[in-house]
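Undergrad: Input: one structure, supplied below.
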Amino acid sequence: LSKDYSRNRMSPSPLLLPEGTVLVVDETTMDEGTLDAKGLRSLMALRQLAQEQQVPMDFTYYQSSVPVDVPVVTVSRGRGLVDASSLLAVPLEPARGDLAP
């Protein structure tokens, strides 16, 4: 969430979702690389949402946060970038020993 001072309006954030909405973050299609400044801010906002249930607000002259009720589920092939408060490993492919002969 940020303020557009030229239009004197708040710019909505895609992270401001209706209360109780479950946000699913799919990290399985992400490739290695570097984040630019905007990508890093977005990642930090996702982390704050997942860990603290708050969405950051940027008013240019000061920063603040809005409390939300949006549980976050992260799907990842390894340790995710969006650190959630609890981790649950769910194998999506059977292990070799689990295959029927």
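Undergrad: Classify region 13-78 as rounded, prolate or oblate, taking a ≥ b ≥ c as the square roots of the eigenvalues of its Cα gyration tensor: rounded when a/c is under 1.5, otherwise prolate if a/b is larger than b/c and oblate if not. Before the final figure, lay out each step's value.
TA: Numbers: a/c = 2.62, a/b = 1.19, b/c = 2.20.
In terms of gyration-tensor shape, oblate.
Undergrad: Continuing with this model, one more query. Let me check something: with ligands and nucleic acids excluded, how do Lys3, Lys38 order by accessible area (1.4 Å probe), largest to smallest? List each step's numbers first, then the result.
TA: Values: Lys3 55, Lys38 140 Å².
So the residues, ranked largest to smallest area, are Lys38, Lys3.
Undergrad: Additional query: Kindly state, to the nearest 0.05, the FRET efficiency for Ser76 paired with Leu16, given R0 = 30 Å and r defined as their beta-carbon distance.
TA: 0.80
The values are calculated or read from the model by the stated rules, or taken from the named source; none is laboratory data. Keep in mind that this is a model prediction, so the values were computed, not measured. Using ideal geometry, Cβ is built from the backbone for each residue, glycine included, and neighbour counts are taken over all protein chains shown. Surface accessibility is based on the protein's heavy atoms, side chains included, excluding ligands, DNA and RNA. Shrake-Rupley method; radii C 1.70, N 1.55, O 1.52, S 1.80 Å.
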